[in-house]
Structures are given as C-alpha cells and as structure tokens.
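The values are calculated or read from the model by the stated rules, or taken from the named source; none is laboratory data. The shown structure was predicted, so the numbers you read here are calculated from the model rather than taken from an experiment. Reconstructed Cβ throughout: ideal geometry from the backbone, glycine too, with neighbour counts over all protein chains shown. In case anyone asks, the SASA skips ligands and DNA or RNA and just uses the protein heavy atoms, side chains included. Shrake-Rupley method; radii C 1.70, N 1.55, O 1.52, S 1.80 Å.
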Amino acid sequence: MNRLGSAIAIAAVTLMPALALAQEITPEDIIRNAMDHWRGTTSQGEMTMIIHRPDWERSMSMQVWTQGDKHSLVRVTAPVRDAGNGTLLLDNNMWTYSPKINRVIKVPSSMMNQSWMGSDLSNKDISKSTDIIDQYDHTLLDSREVDGHQAWVIQSIPLEEAAVVWGKEVWTIRDDYVMLEQQFWDQDGVLVKTFTTLEITVMDGRTVASRMRMQEVDKPDEWTEMRVESTRFNVELPANLFTLSNLRNPRQ
C-alpha cells in the first residue's frame, strides 16, 4: 500500500505542470494568440493567390498591410488586368476599389458571405477579426502531438445572438500558435469547407503558415491557395495607409 501510495503521489506531481498549463491557457487565449501571431502589431507582406478550377487556373500577386485586428489593406499588383484592385478593412467595415470603374464601394453585410475576388474565400474570411472570440463559445476538444509540437483542437459554436452563418468552426492550432486547420460546419452539422496549412516557414524571425488552401469538401477539384512570398512584422506604417483616399489613390 505504501508503494502504491508513493506511485500515485509521483504520478500526481508529474501531471501537475501539464494540468496547470491547461488551466492557465483557455481556448479563447489560444485563438487570440494565433491571430496575433499571424499579423503581429503591424505587418507588411507580399502574397500570391492561386484560384484553381478543373479546366483553368489563374493567379494574382498582392501586397498586404495589417495593423492590429481592425485594419488591413490588400492591393493587387499583377496581372495587369487586375492590378490596382484593392480591399480595405476598417473597424469591421469593408470597402473595395476597382480602377476600371474608378469607384470605391462599401460591401454591405448581406454580401459578406460572397466570394472575394472570385476565389473560394469569402469577404467574411478576409475580414476575420478577433470578434469571433466574443461571438462564439469555445471548447478544447483535444490535445495531440503534430510534427513534434503540441496541437490544440478547439470547437467554436456561435452564441444565439451572433449574426454568423456557420453552425460551428473547429480549429487546430500548434503550441507556437501556427494555425494548422480551420473547419467550417453548417447549421446541420455538415462539414462544408476547410482552410488548411500546407507549408510552414520562418519569415522575419517568426514561424508562420506560408501556404494555405481553402477548399469546399464536395468540390475536390476546386480550391484557392494563399502563398506568402515575404512578410515583415511590427513595422512602421504611414498614418494615412488605412484610408478610403489611399485605397483609391495609392501613396504606399
């Protein structure tokens, strides 16, 4: 009995750090840290978006700037026919600009679930902010080892008053706060689409997802990839960067 008691005591002591860590960090903390890790206080980078369909494929090069979770600007630089198209996110509002018609258009809330630039990402996907932390109830479902890292699986179910389209979202996030996968489930409990990290790279001293794919489950031959070519974090940005004026007439 003494030996059994000693074994139990040793096991309890061994498990205490892990239990303490689980108690200290909440699912909300993990999601928030993953979002902050991705963009830093500010960020500036270049990306390529590839839209793939069974009979065609096209790509667009973009410049991207972010500041906190409420400000971001995306500007297309290539190909020529798309160059100058831009999207501005400012305090939960979205505007787009097309040089062909020389108009800045505010995207109404009724169109937030529509395709962004013809891709598999919606306007809502692009405008994702930490609002999801307050609009959903988050539960830690699992903790597993992935490529030598601990990875948390978190289920997020919207609150009754939340104006969202999904029945739930499921995240897989590593202990270095790289998001490995985000699943989108409808109100009937059917998995609709996934946003999956395919490659992870160190950029500007930070481990980040460098190739990600959005894909609908029932359309295996259709997908959109976001490939990060370069990024810098915590950079100084011009005060007028995130403005409608700059969206129309770029000065950065």
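Conditions tested, residue by residue: (1) more than 29 Å from Thr172 (Cβ to Cβ); (2) modelled with pLDDT under 95; (3) outside any strand (DSSP E or B).
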| residue | (1), (2), (3) |
| --- | --- |
| Arg32 | no, yes, yes |
| Thr48 | no, no, no |
| Ile51 | no, no, no |
| Arg58 | yes, no, no |
| Trp65 | no, no, no |
| Arg75 | yes, no, no |
| Tyr97 | yes, no, no |
| Lys124 | no, yes, yes |
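On inspection, Ser127 passes the criterion of being open to solvent by 20 Å² or more (accessible area, probe 1.4 Å) and in contact (Cβ under 8 Å) with a residue 12 or more places away in the chain.
From the list Ile101, Ile105, the lone residue that is in contact with a strand residue (DSSP E or B) (Cβ under 8 Å, 6 or more places away or on another chain) and open to solvent by 40 Å² or more (accessible area, probe 1.4 Å) is Ile105. Pairing residues of segment 38-59 that are farther than 12 Å from Ser210 by Cα with residues that are small (Gly, Ala, Ser) and open to solvent by less than 30 Å² (accessible area, probe 1.4 Å), at Cβ distances under 6 Å and at least 6 apart in sequence or on separate chains, gives Ile51/Ser119.
Exactly one residue out of Asp82, Asp69 is touching a residue at least 40 places away in the same chain (Cβ under 8 Å) and not in a strand (DSSP E or B), and it is Asp69.
Considered as a group, the residues in segment 192-237 that are loosely packed, with under 15 Cβ neighbours inside 10 Å and hydrophobic (A, V, I, L, M, F, W, C) include one that is nearest to Ser115 (Cα to Cα), and that residue is Val217.
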